[in-house]
Each structure stands twice: as C-alpha cells, then as structure tokens.
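The values are calculated or read from the model by the stated rules, or taken from the named source; none is laboratory data. Just so it is clear, the structure is predicted and the values come from calculations on it, not from any experiment. With ideal geometry, Cβ positions are generated from the backbone for all residues, glycine too; neighbour counts draw on all protein chains shown.
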Amino acid sequence: MIIEFSVKNFRSIRDQALFSMVKGPGDELEENNVLQIPDAPAALNPLLRSGVIYGPNAAGKTNLLRALVALQALVIGSHQRAPNEPLLVAPFLFGSKARTQPSEFEIHFIVDKVRYQYGISADQQRIHEEWLFAFPKGKAQKWFQRELEPEGQTSTIKFGDKLKGEKELWERVTRPNGSLLATAAQLNSEQLTPIYNWFANKLKIAVGKQSWNQQPIATLNLLEQQQQAKVLKFMQAADFAIAGLSLREMDGDHLGALTRNMPPALRDLLTSQLSQSKSVQILTQHQTEDGKRIDMDLSDESDGTQKLFCYAGPWMDSLANGHVMVVDELHDNLHPLLVQYLVEMFHNPELNRHGAQLIFTTHETSILNQDLFRRDQVWFCEREEDQSTRLYPLSDFAVRKGTENIERGYLSGRYGALPFLKAITEAFG
C-alpha cells in the first residue's frame, strides 16, 4: 500500500509535489473508502482506498504518474541496465537551475505491515542519492543512505546496523546508474528482497504504451484458467448482451489468412515466429432472437467493451492480491457509470479485502461527488505561469461536508485546475 509519494524536478514538476493516501479529518464514507490494517502499528492507520486527480490538459497529471513509472524503472530496471545506459529521468526544462539538477523521488509504503521510506535522486547519467528507512513498530531505522561525492565520480554508502547481509559486496558491485536496493535484492538480501518485490509485483501502472488497453494478458490468463464466468460477469456490466466468452486457438489456416497479403520475407518471418507460440482468438457470444449463439471476434466489439475486457484481469488480480493500480485517463472510451463501477469495486470491502488501492487521472466530472469520494481523495493539477505543475488536494478548500456540489464547484472554477477557454475563443475573434 502507498502512504504518500513525492517528486521534484521531473518533467513539468519543478517544485516538490506531494500526493498522499493518508486519511484526513472526517468520518464520511469511512466504512467503504478507508483502509484499516488489522494488527498494524497505529501510525499505519488509516489510509485511503483510492485517489483521483483532475486538471486541464498539459497541467501535469500524467507526469505525476510518469514519475511513479520512473521510480519503478530506477529500481527494477537496474540489473538489466548496461553500465553506460542513460536513466529515464527528465528534469524541468524551463528553469536554468533545474535543468542541471537531478530528479528526486520518494515514496512511503507498506510491506507486510511495516512502513518503509525509500527515496532516490538521479540524472540521466547516474544516481546521486538513495536512501531507505524502515519503521517496524513505528520506530525509524536507517537501513542505508547513499550520497554522491562532491567530485561527482564516486558514492559513499552508510549502512545501519539493523540491515544485515553482505554490505561490502553490495557497495562494491552497485553501478553508478543502478540502485543499491535492486543490487542487494538480486544478491538475495533477505530484508531487501520483499521491498524490491513490492516495486516489481505490487505496483501496477498503466500509462501511455504500458496501458492495459494494449495488453490484455492478465484477462487472457483468467480465460485460460477456465475462469470465464468471473470475466463474463465483469464484462456484462458494460454490455449485458454478451452471453459468453471463449478462446479459439489459431491454426495454420488462421495464420495463413493473417499473413496472405504480406511481402514474402515478412510473411515467412511472422509465420515462423507465430508458429512457435500459441496464438488465440478471443470470441464473445451473443444470443440471437431464435435462441442460438453467434460468435464475434472481440475486435468487432465497441472500444469501451474491449477496454473493459483488458481491465478485467488486472482489476480482479489487484483486488485479490492487494496491488496498487495506477491508471491514466481511466474514463477514456468508458461511460461515466462504468468509471464509477470500476472505482466502487475498490471501495467495496467485500471485494477489496487485501488493501488494494486505485490511483487514477480523469476528466470525467460526473463522478466528482461526495457520494463516491471523500474530500481528501480528490486532487487537482494546475499549470502555473512558469509552465510548472502545482498539485493540491480538495481538502485545502472549505468544502461543506456532504452538501456541497463539488462537480459544480470545480467546473465553475472554485478550485482552479481548469483550461483557459476564454483565451482559446479569443484566438478566433
């Protein structure tokens, strides 16, 4: 579970932006929207099950999620990274000082009921700082702290006595562009491996090309495990006309039809590659007026139905295993009631029994109401005059509990984070 996340000097985010999943004052929607962690230290309670981010285009909403992508990549990509391979960080470009400074990321999260604080700063060439603190029973323990020496060539690492293992080996083999956390985990550190695994397995992010809209693998796995009934129930929320789901393995005839009009060299290459792995066709069934069922290829369904199919696997997997799901533009191609349906699954204590969290951006304002969200679950991104991003929560405003129409307040400009439409219309005057 994520407690809070901060980022500084990354893309449009110049000054530190802090996003928190900590419950604020107030008991509204507490039963459904707030996570309680049984038998955990009091400092870990309570957290929020979801957080939503609003704001105009180009305000930095996606960059906040990309910062999580960058942090994850700095950790889990370390052991695969070549010694001189550049890191996927990008500083704020519209300030002369910021352009020369590293990007900085810090996250507070929970693994096995223990809170951890991990941070890392880096430019494209190397890691400048890295730190990890653990809080068993709520008391801080420094596990390691890494700093780049003033000459910029070597780093020093200070280990805490509570961290056990081959520390000298970890320090010796950690590359300038690799994280110490990942290096030690790859060398089987008993204490650090669960933390590395949290970044690798518990943090699920769908931003840009990583979107599940292009990767329905998790849903396919459910179908192959004969869990069609679960996926079908999920899908029928979007299209009640779908009566069934199935997979059809593609044989040589299907492959031939797929590659028939391709140039010979490309056809031979694809046929060779596809023939070495199982290729399947996803079929939906619809019932006709005379009671028969007709098969349709999933690609013939609406964009929204296809997207919900891709979300079915990750959604159910995350709820079952307590993952943190991070989704950009959740509303895209989905009806507002479907967006609400997806969010409410995370708010449902019967479905979400293992501390799963949902963090997402959207432009869908119809769900922006106090029946679905607490005031501390709603965040806004605004673009400043210097082109930097400012992130702030709805709880910064005096919102009347349970009565104020926050959708109307947002669209009327009370909370900011709206596009400058007047300037656009004046361009056509």
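General observations
- Yes/no for H347 being surrounded by 20 or more Cβ atoms within 10 Å (Cβ to Cβ) and over 16 Å from the mean Cα position of the chain (by Cα): yes
- A count restricted to the stretch 125-162 and to residues that are in a loop (DSSP other than H, G, I, E, B), more than 15 Å from S179 (Cβ to Cβ) and of a type outside the set (D, E, K, R) stands at 6.
- Options I294, I205; residue that is surrounded by 14 or more Cβ atoms within 10 Å (Cβ to Cβ) and either at pLDDT 90 or above or touching a strand residue (DSSP E or B) at 6+ places or on another chain (Cβ under 6 Å) (or both): I205
- Scan of the stretch 225-242 for residues that are at pLDDT 80 or above and out of contact with any Ser or Thr (no Cβ under 8 Å at 6 or more places or on another chain), ordered by number: Q225, Q227, A229, K230, L232, K233, F234, Q236, A241
- Candidates are the residues of the stretch 80-106 that are more than 30 Å from L187 (Cα to Cα) and without any contact (Cβ under 8 Å) to a residue 40 or more places away in the chain; the one that is nearest to the chain's Cα centre (by Cα) is L93.
- Note on the stretch 327-344: residues that are on the phi < 0 side of the Ramachandran plot, surrounded by fewer than 16 Cβ atoms within 10 Å (Cβ to Cβ) and either in contact with a Phe, Trp or Tyr (Cβ under 7 Å, 6 or more places away or on another chain) or not in a helix (DSSP H, G or I) (or both) amount to 1.
- For M1: the one exception among (1) crowded, with 19+ Cβ neighbours inside 10 Å; (2) at pLDDT 95 or above: (2)
Condition check ((1) surrounded by fewer than 16 Cβ atoms within 10 Å (Cβ to Cβ); (2) within 21 Å of the chain's Cα centre (by Cα); (3) touching a residue at least 60 places away in the same chain (Cβ under 8 Å); (4) at positive phi) across all residues:
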{"residue": "H363", "(1), (2), (3), (4)": "yes, yes, yes, no"}
{"residue": "L368", "(1), (2), (3), (4)": "no, yes, yes, no"}
{"residue": "Q387", "(1), (2), (3), (4)": "yes, no, yes, yes"}
{"residue": "T403", "(1), (2), (3), (4)": "yes, no, no, no"}
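- Matching entry among A58, A42 (being more than 21 Å from F135 (Cα to Cα) and modelled with pLDDT under 95): A58
- Scanning the stretch 1-17 for residues that are within 20 Å of S395 (Cβ to Cβ) and in contact with an Asp or Glu (Cβ under 6 Å, 6 or more places away or on another chain) gives a single hit, S6.
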